[in-house]
2 protein chains.
Amino acid sequence: MTATVIKYHRVMSRWEPNARGRLEAAALELYVERGFEQTTVAQIAERAGLTERTFFRYYADKREVLFPGSSALEDLLAAKIAAAPADAAPIEAVGSALEAAGAALQHRHESARARFHVIAENPELRERELIKLAALASALAGALRERGVPELAANLAAEAGIAAFKIGVRRWAGQADEQDLTLLIRNSLDELRSVTAGK
Amino acid sequence: MTATVIKYHRVMSRWEPNARGRLEAAALELYVERGFEQTTVAQIAERAGLTERTFFRYYADKREVLFPGSSALEDLLAAKIAAAPADAAPIEAVGSALEAAGAALQHRHESARARFHVIAENPELRERELIKLAALASALAGALRERGVPELAANLAAEAGIAAFKIGVRRWAGQADEQDLTLLIRNSLDELRSVTAGK
């Protein structure tokens, strides 16, 4: 426990190289310490050594700061779908894209774990997380349609894939020891295939 | 179009037999006419011939009134899962439960169509809809676990089933002609199976 606290502290202290990263780290730190509801944007800015104005240059509200890189993740998923072999089935393309997303998130385990607990305790944050996941599904579905996959199949492959991804990420973020996220996502996708096959 | 408007009017006029139904109908009518953002609880109560106080006896906020019967739907899904044959695979039990939910919603096509457009235009409402769907998935997963289905399989069958359900309901609600919702849900589940099998 003490080791974890020290590690958080190191990851989140002020000498982050950029304003965005400093605000994210400060927000997460305060949400863990005081709770999301009790934390103000002014406090986040102060902790980061920045102004409220700077905060609002990067984030629309107190919730957004908990979902950094979500549009980059959408772009990554779409690019991976576009780059999948021409003969890959939609679910295979989706699986590779989601595993690549897992690899990209792996180094963030420590902050993912803190986020997991903050989000779990706040209904507003759970709503925001769901809309971010829906945006990821939408990016996948759009990229599949561009490959000529019919709309219904594209939407289902995307939504089912994101369901497996969400479950993999939650298992990863919910555990103290850092497991291989790509592997957890792959396991989750395998289980999805097995379950929908009626096993 | 005129026929539709007349039908809305008939469905939503004041002689609904109960306060809850009158508030729902009044809210939907106003959201369609003026937009969700522009409508106040006072206006909804007035249109329903009731007081604001009565509104808040039934609904926590302006958003909740758009999701009537969602806890009844959770109960229905859990009951159907519990009643599925002992040897039914998790995805089969989920499929029957979701088709039963479709049958229960069929008579609400007219209001579902209005809701569909109101929700599509408002990000806050899309978030609320996602949390309601997550609650349905959670009810399904819980009922599956009570049948002894392991947690990962239960969560995936529930989440994938709800993804198919959501897509079926959206196709149904998005169309002017009233199609058979149960059939659309079944098609969506069939396509899910086909897609996850790598077709």
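For region B:126-199, the average shadow cast by the Cα convex hull is 5.9 nm², which is a quarter of the hull's surface. Take each residue in A:25-32, count the other chain C-beta atoms within 10 Å of its C-beta, and the mean is 0. When the C-alpha to C-alpha distance is required to be over 19 Å, the pairs from A:LYS166/B:LYS132; A:LYS166/B:LYS62; B:LYS132/B:LYS166; A:LYS132/A:LYS166 that qualify are A:LYS166/B:LYS62.
Mean partner shielding of peptide B:188-194, defined as the number of other chain Cβ atoms within 10 Å of each residue Cβ, is 5.
Across A:LYS80, A:LYS166, the residue with the most accessible area heads the list, and the full order at a 1.4 Å probe is A:LYS80, A:LYS166.
With its label point put 7 Å out from Cα toward Cβ, A:SER71 sits 3.9 nm from the same residue's point in the other copies, in order from shortest. The rule of thumb for compact globular proteins, 2.2 N^0.38 Å, goes into the C-alpha radius of gyration of region A:16-69 0.96 times.
In nanometers and ordered shortest first, the copy-to-copy spacing of the B:GLY35 label point, defined 7 Å from Cα toward Cβ, is 3.5.
Distance between the C-alpha centres of region B:85-146 and region A:107-164: 18 Å, rounded to the whole angstrom. For region B:63-79, backbone phi angles converted through the Karplus equation (6.51, -1.76, 1.60; θ = phi - 60°) give residue-by-residue couplings of 7, 4, 5, 7, 10, x, x, 6, 6, 4, 5, 4, 4, 4, 4, 4, 5 Hz, Gly and Pro being listed as x.
Using only the C-alpha atoms, the convex hull of region A:154-197 corresponds to 57 Å³ per residue. Peptide B:143-153 is shielded by partner chain Cβ atoms: per residue, an average of 2 of them sit within 10 Å of its Cβ. Using the Cβ of B:GLU74 as centre and a radius below 13 Å, the other residues enclosed give a net charge of +1, where K and R count +1 and D and E count -1.
Annotation: amide H of B:ASP180 has no partner in the under-5 Å range at sequence separation 5 or more or interchain, hydrogens built in the peptide plane. The residues packed around A:ALA104, meaning those with a beta-carbon under 14 Å from its beta-carbon, carry a net charge of -2 if Lys and Arg are +1 and Asp and Glu are -1.
Have a look at B:LEU98, B:LEU184, B:LEU50 and tell me which one the Gaussian network model of chain B (Cα, springs below 10 Å) gives the largest fluctuation. Largest GNM mean-square fluctuation: B:LEU50. Relative to the longest principal axis of the Cα atoms of chain A, the long axis of helix A:181-196 lies at roughly 40 degrees.
With all pairs of different C-alpha atoms in the average, the Kirkwood value for the hydrodynamic radius of region B:65-110 is 11.3 Å. Gyration tensor over the Cα atoms of chain A: the corresponding equivalent ellipsoid has semi-axes (square roots of 5 times the eigenvalues, largest first) of 33, 18, 14 Å. Bridging of A:LYS80 to aspartates and glutamates at a Cα separation below 14 Å is possible for A:GLU92, A:GLU99, A:GLU146, once same-chain residues fewer than 8 apart are set aside. Considering only B:GLN38, B:GLN179, B:GLN106, the mean-square fluctuation computed in a Gaussian network model of chain B, springs between alpha carbons under 10 angstrom, is largest for B:GLN38.
Computed from Cα atoms, the angle from the helix A:19-34 axis to the main principal axis of chain A rounds to 80 degrees. The Cα-based radius of gyration of the protein assembly as shown, divided by its Kirkwood radius, gives an Rg/Rh of 0.99. Inter-copy label distances for B:TYR58: 4.5 nm (label point placed 7 Å from Cα along Cα→Cβ; shortest first).
The values are calculated or read from the model by the stated rules, or taken from the named source; none is laboratory data. As the structure is a computational prediction, the values presented were derived from the model and not from experiment. Using ideal geometry, Cβ is built from the backbone for each residue, glycine included, and neighbour counts are taken over all protein chains shown. Only protein heavy atoms, including side chains, enter the accessible area calculation; ligands, DNA and RNA are left aside. Shrake-Rupley method; radii C 1.70, N 1.55, O 1.52, S 1.80 Å.
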